[in-house]
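Only one structure is covered here, and it is reproduced in the block below.
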Amino acid sequence: RIHLSKREVEVLQLMAEGYSTLEAASFLNLSEYTVRDYVSTIMQKMEASNRTEAVARALREGIIE
């Protein structure tokens, strides 16, 4: 099982809902660059080659809804 922090799961959920990096940053009250770092970390942990693959895997594995 993949271990993601609470914040990483929040970012992943926003990605699944179609939020852009800038929108997610605004929603979470973070810098756009911080959200980009979270996305990169998520993709590495999930061994995903892109955001869509990360979201699809997270949905399949029940990490997000």
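The values are calculated or read from the model by the stated rules, or taken from the named source; none is laboratory data. All values derive from a computational prediction rather than experimental measurement. As a convention, Cβ positions derive from the backbone with ideal geometry for all residues, glycine included, and neighbour counts pool all protein chains shown. The accessibility values were calculated without ligands, DNA or RNA, using every heavy atom of the protein model including side chains. Shrake-Rupley method; radii C 1.70, N 1.55, O 1.52, S 1.80 Å.
So here's what we get for this one:
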| read-out | value |
| --- | --- |
| Residue identified as surrounded by 13 or more Cβ atoms within 10 Å (Cβ to Cβ) and in contact with a Ser or Thr (Cβ under 8 Å, 6 or more places away or on another chain) among Glu23, Glu8, Glu53 | Glu8 |
| Per-region count, the range 1-30, residues modelled with pLDDT of 95 or more and either in a helix (DSSP H, G or I) or among the charged types (D, E, K, R) (or both) | 20 |
| Filtered residue count, the range 31-47, keeping only those that are in a loop (DSSP other than H, G, I, E, B) and buried (at least 17 other Cβ atoms within 10 Å of the Cβ) | 1 |
| Total residues in the range 11-20, condition in contact with a helix residue (DSSP H, G or I) (Cβ under 8 Å, 6 or more places away or on another chain) and open to solvent by 60 Å² or more (accessible area, probe 1.4 Å) | 1 |
| Among (1) open to solvent by 50 Å² or more (accessible area, probe 1.4 Å); (2) part of a loop (DSSP other than H, G, I, E, B); (3) among the β-branched types (Val, Ile, Thr) - the single one Ile63 does not satisfy | (1) |
| Pair list, Cβ under 6 Å, 6 or more apart: the range 34-55 residue in contact (Cβ under 8 Å) with a residue 24 or more places away in the chain, other residue open to solvent by 60 Å² or more (accessible area, probe 1.4 Å) | Met46/Arg57 |
